[in-house]
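Please read the structure below before turning to the comments.
The values are calculated or read from the model by the stated rules, or taken from the named source; none is laboratory data. A quick note: this is a predicted structure, and the numbers were derived from the prediction, not measured. Every residue, glycine among them, receives a Cβ derived from its backbone with ideal geometry; neighbour counts consider all protein chains shown.
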Amino acid sequence: MALLGLGIAISVGTVLLMLPVARSGAPMWPGNVPVAVAGPSIAGGAPLSVALFTATSATCVTGLIVVDTATYWSTFGHAVIAMLIEIGGLGAMTFAALLAVYVAHRLSLSQRLVVAQITGALTMSDMRGFVKRIVRMALIVQVVLAIPLVIDFYSRSKSLGEALQWGTFFSISAFNNAGFSLETDSLIPFATDPFIILPISILIVIGGLGFPVLAEIVHAFKTRKKRRWAWSLNARLVVHGTIGLILTGWLLITLLEWSSLSQTGQYSAADKLLITLFTAISPRTAGFNSMDIATQSDITWLVTDILMFIGAGPAGTAGGVKITTMLVLVFLVLTEIRAGQAVQLFGSRIGRSTQRAAITVLMIAFSLVVGATAIIMVLTPWGMDAVLYEVISALSTVGLTTGITPQLPIAAQLIICALMFFGRVGPVAVATVLTIRPDTKLYELPKERPIIG
């Protein structure tokens, strides 16, 4: 169902973006950067390859682009992109919620009560109300945090209509971790403006928490006067992991890029801290950038690769293998090193099926990254650093780029599209298969222990 819905959205979006009304008439990039195109086009409209890539990137809430979003598309085109982003972001959250209740019917009573604690629903009728609450909350968050953006853009000599358009677009793009920007240089022109950077950062983090954590936050807020809320293991992992990754990334990027930012002579210490903070938040997995990625050091690229690959919380608008996956694997390794009998987190034991699922997700993602990087390196003249960055950005639906995406040949563009599509639906599909498959066996094979290491 998710595959079909996403495919329909991409198809409709592609057709709409091919219409002449979706184009502004400007060149693909300021300065006429060469872009490989293929397929038919309606007179005055975007070529098929451009429309397909943009629609896929928007629906998969990635943000990678082959044409300049700010100048190439018209107001109608921007509206289509925003619509696709909202469908891709909230649609995935809704599907994850429905999956949770479907899976709950296959669990024991105690496990179903855990699902009910997280979602507040045990039946499909309950879930309809729950989904409405989540979508309502998501829209409220986007509207509220769009207000400071609109005010700031209006103060920058934009008309009220333009300010509303920009504020709304950036709010939608940020909450859904999409990274599409109405500015050619993403957020670089606003790098030192806290009234733009901070609301967008908050939107990125909230959207990246995932629907189960958001649901718990809403439920805890509503019942705060009645009883103390007992947070689920998932919420604890996501929140602690989010804080830890942001602070670690902020520290590393600040140390790595401080001297580079100082060389320009135009940033105060507070400005540099704001820039590096946003540079640590955006890879998980929004795709905005407030500093030129091409000028960053190779080590900063590596740090960003890791942040992008991990991503944010499950069942939300973000991509990556997810914080919970990595934390389960980290503690699995620590348990083996300590010769422990069970993986324990926050007073709970992690089941072996969950451990196997985490390993499966990691290995599939790692295999796709290695394979796609190798193929694109064969098809293009770029080195591994740039190609690896692009591949991880696509698979984790991030949208950050070293600048090579518009210059990729059509074959490489299609690979990137496939990575974005799998990055959006793959983790949910894998989780579904691993969860609903029958696990009862009438026999077991003899156990043996091959030599490891």
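Quick check on region 354-363. Is at least one of its residues free of Cβ contacts under 8 Å to residues at least 40 places away in the same chain, farther than 29 Å from VAL330 by Cα, of a type in the set (A, V, I, L, M, F, W, C) and part of a helix (DSSP H, G or I)? The answer is no; no qualifying residue exists.
Pairs meeting the criteria (first residue in region 71-87 and over 20 Å from VAL143 (Cβ atoms), second residue hydroxyl-bearing (Ser, Thr, Tyr), beta carbons under 7 Å, at least 6 apart or on different chains) are THR71/SER24; THR71/THR184; TYR72/SER24; TRP73/SER24; SER74/SER24. Filter region 131-178 for residues that are under 22 Å from CYS60 (Cα atoms) and charged (D, E, K, R); which is modelled with the highest pLDDT? Here the residue is ARG136.
Yes or no, residue by residue, for (1) buried (at least 16 other Cβ atoms within 10 Å of the Cβ); (2) among the charged types (D, E, K, R); (3) in a helix (DSSP H, G or I):
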site	(1), (2), (3)
VAL143	no, no, yes
LEU149	yes, no, yes
LYS158	yes, yes, no
SER171	yes, no, yes
PHE195	no, no, yes
LEU203	yes, no, yes
GLY207	yes, no, yes
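In the set VAL398, VAL430, VAL370, only one residue is among the β-branched types (Val, Ile, Thr), modelled with pLDDT of 90 or more and touching a Ser or Thr at 6+ places or on another chain (Cβ under 7 Å); that residue is VAL398. Hey, does region 33-41 have a residue that's in contact with a Phe, Trp or Tyr (Cβ under 8 Å, 6 or more places away or on another chain), modelled with pLDDT under 95 and either surrounded by 15 or more Cβ atoms within 10 Å (Cβ to Cβ) or on the phi < 0 side of the Ramachandran plot (or both)? Checked region 33-41: at least one residue is in contact with a Phe, Trp or Tyr (Cβ under 8 Å, 6 or more places away or on another chain), modelled with pLDDT under 95 and either surrounded by 15 or more Cβ atoms within 10 Å (Cβ to Cβ) or on the phi < 0 side of the Ramachandran plot (or both).
Condition check for ARG449 on (1) under 19 Å from the mean Cα position of the chain (by Cα); (2) part of a loop (DSSP other than H, G, I, E, B); (3) at pLDDT below 95: one failure, at (1). In the condition set (1) in contact with a Lys or Arg (Cβ under 8 Å, 6 or more places away or on another chain); (2) without any contact (Cβ under 8 Å) to a residue 12 or more places away in the chain, THR397 is compliant with all but (2). Test PHE288 against the criterion of being aromatic (Phe, Trp, Tyr), part of a helix (DSSP H, G or I) and surrounded by 15 or more Cβ atoms within 10 Å (Cβ to Cβ), and give yes or no. Criteria not met by PHE288. Tally up the residues in region 405-428 that are over 24 Å from LEU4 (Cβ atoms) and crowded, with 18+ Cβ neighbours inside 10 Å, please. Final tally of qualifying residues: 4. Residues in region 49-72 that are hydroxyl-bearing (Ser, Thr, Tyr), closer than 19 Å to GLY25 by Cβ and in contact with a Ser or Thr (Cβ under 7 Å, 6 or more places away or on another chain): 3 in all. When LEU245 is tested against the conditions (1) assigned to a helix (DSSP H, G or I); (2) more than 18 Å from the chain's Cα centre (by Cα); (3) within 16 Å of SER201 (Cβ to Cβ), the lone failure is (2).
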